[in-house]
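The values are calculated or read from the model by the stated rules, or taken from the named source; none is laboratory data. Just so you know, these numbers come straight off a predicted model, no measurement behind them. Backbone-built Cβ (ideal geometry, glycine too); neighbour counts: all protein chains shown.
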Amino acid sequence: MIEPSENTGAKQTLQCTLNGSPVEMDVQLSKRLLHILRDDLGLTGTKRSCEIGRCGACMVLVDGKPVNSCLTMAYQCEGKSITTIEGISGDGIDPIQQAFLAEGGYQCGYCTPGMVISVIALLHENASPSEDEISEALSGNLCRCTGYGGIIRAVKSAIATRKME
Amino acid sequence: MPNTHPGMSVMPTVWRPQEIGEAYRMKQSLGETAVYAAGGTLLRTQWEAGTAVLPAHLIDLSAVPMLAGYALEPSELVIGACCPLAALRKDPLVQTAFPLLAEAVRNIAAPSIRNLATLGGNVVSRIGDSLPALLADEAELIWLGKNGMQAEPLEDWLAASGSEQAGRVLVQIRVQHGTESVNGAGTMNDIRSAPLLKVDSDRSASVRIYHKVGRREAFTPSVGSLAISAGMEHAAGKLKEVRIAAGGGQTIPKRLERTERLLERHADPLGEDCAAEVHRSAMDEFEPVGDLFASRGYRKMTVANLLVAELWRLRERFA
């Protein structure tokens, strides 16, 4: 594992949009987005876990598509729009987050930000996903508490709520 | 730290060439201290596992126009090496015209990884799960090396493992259309339900089968992966132009040519007697690499069983 503190190389300027606001910062271009978000910017809603792209706890949106921020390096964000869990609902709560609350789609909650990000991306692309499509969309998000029942219920509830709106 | 470059504790310097020749010249200049990077997902995994050293320089290929995207041309699918797997997974035309590749890509990692990971990266890994599908489709690779652009059959490149030209860069993956056209008549069954079968007429069909088995249902390394392409004269019960490719785990995928010939020459290729012969042939011909998760013998048996199971499904379809 390469720790951020080992980064002693030259920094370069990264320009991107973060949660709707333009950002310009000096970073090493091979630094992981996960560490930039959590350690440099204090956005700790994006969770650090496996750090090899297997668990999905660090999921963020880059230009609206879900990516694992532990696998994404700074240079891959240049000119892109990044959305973290802190940026999805402004000051309130997103209906998808509400559905996770209402349906018991979490227990310890550590995987939940990543889950919510993946569901946002899914429903943005496909308003009426099938059960198989939901499973595929969440196949990169691991939960070790819920058994997924509550999570799938939450996704279906969010779909139904959107259709009624 | 096992995964840092010798004598280094800094992160790689990132170079961002804007055209393919510039990328190649950078690699020639930086030599062994640099690696090409596309999506970077496999590289990151290797660095974290300590199976590859963190290089001093990364040459990011994502801004090179020639490597981006894909084009569905009249005779072939031309895929830039940096085309994300997700783009191929989602295109209905690719799913229809190149079902082996589409199904293979659906079985690689998870959607978020496929948004970053590229087909070129999966290919140059030599063990990617797209490779059996591309072998069965007789894909061709286009490289930029010291002699300019060169085409090379994927099968030849995989067979020549270890004789890589220093620093050459994969530009494109090309896959020819089969006999069927993109908008041709006939019905394709759902992409998820192998075998992928296109009935061209009452007498013939195109069979395309891709099946990956892992230790869980999704987002899993393969124990075995199998791709089959064949034409079927179902009135006569004969198979023709059979191509079978298998891989899995750390195995460099390969065509099972003796088993292909067996199926083409057999009077009743979907019969019970042939099934037993095919199983023996695949067990004899497939040479997987075992590891701590699945032994060589287990992987061999998995692929042989998959092959016979899929032939049995064809038999049920046409019985």
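Which ones in the range B:270-310 are touching a strand residue (DSSP E or B) at 6+ places or on another chain (Cβ under 8 Å) and more than 24 Å from B:R208 (Cβ to Cβ)?
Of everything in the range B:270-310, those that are touching a strand residue (DSSP E or B) at 6+ places or on another chain (Cβ under 8 Å) and more than 24 Å from B:R208 (Cβ to Cβ) turn out to be B:E287, B:V289, B:F293, B:A294, B:Y298.
So is A:G149 more than 20 Å from B:A218 (Cβ to Cβ) and surrounded by fewer than 19 Cβ atoms within 10 Å (Cβ to Cβ) or not?
No, not satisfied.
Can you find even one residue in the range B:66-81 that is touching a Pro at 6+ places or on another chain (Cβ under 9 Å), closer than 22 Å to B:R174 by Cα, away from every other protein chain (no Cβ under 13 Å) and of a type in the set (D, E)?
Checked against the condition, which is being touching a Pro at 6+ places or on another chain (Cβ under 9 Å), closer than 22 Å to B:R174 by Cα, away from every other protein chain (no Cβ under 13 Å) and of a type in the set (D, E), the range B:66-81 yields no hits at all.
Given the structure, is B:L158 away from every other protein chain (no Cβ under 14 Å), over 20 Å from B:V213 (Cα atoms), under 10 Å from the mean Cα position of the chain (by Cα) and touching a residue at least 12 places away in the same chain (Cβ under 8 Å)?
Spelling it out, it is not the case that B:L158 is away from every other protein chain (no Cβ under 14 Å), over 20 Å from B:V213 (Cα atoms), under 10 Å from the mean Cα position of the chain (by Cα) and touching a residue at least 12 places away in the same chain (Cβ under 8 Å).
Among the candidates B:A104, B:A71, which residue alone is without any contact (Cβ under 8 Å) to a residue 24 or more places away in the chain and either over 22 Å from B:G248 (Cα atoms) or touching a strand residue (DSSP E or B) at 6+ places or on another chain (Cβ under 8 Å) (or both)?
B:A71
If I ask for residues that are within 12 Å of the chain's Cα centre (by Cα) and buried (at least 24 other Cβ atoms within 10 Å of the Cβ), which ones from the range A:62-71 would you list?
A:P66, A:V67, A:N68, A:S69, A:C70
Among the residues in the range A:92-115, are any without any contact (Cβ under 8 Å) to a residue 40 or more places away in the chain and closer than 17 Å to B:L116 by Cβ?
No.
Can you work out which of the residues in the range A:14-48 that are more than 21 Å from B:M11 (Cβ to Cβ) and polar (S, T, N, Q) is surrounded by the fewest Cβ atoms within 10 Å (Cβ to Cβ)?
Checked the range A:14-48; the qualifying residue surrounded by the fewest Cβ atoms within 10 Å (Cβ to Cβ) is A:S21.
Consider B:T41 against the criteria (1) surrounded by fewer than 23 Cβ atoms within 10 Å (Cβ to Cβ); (2) outside the structural domain of B:E138 (by TED's automatic domain parsing): it satisfies all of them except one. Which criterion is unmet?
With respect to (1) surrounded by fewer than 23 Cβ atoms within 10 Å (Cβ to Cβ); (2) outside the structural domain of B:E138 (by TED's automatic domain parsing), B:T41 is out only on (1).
In the range A:53-165, which helices (runs of 4 or more DSSP H) lie fully inside it and hold 3 or more residues that are touching a strand residue (DSSP E or B) at 6+ places or on another chain (Cβ under 6 Å)?
The helices (runs of 4 or more DSSP H) meeting that bar are A:112-125.
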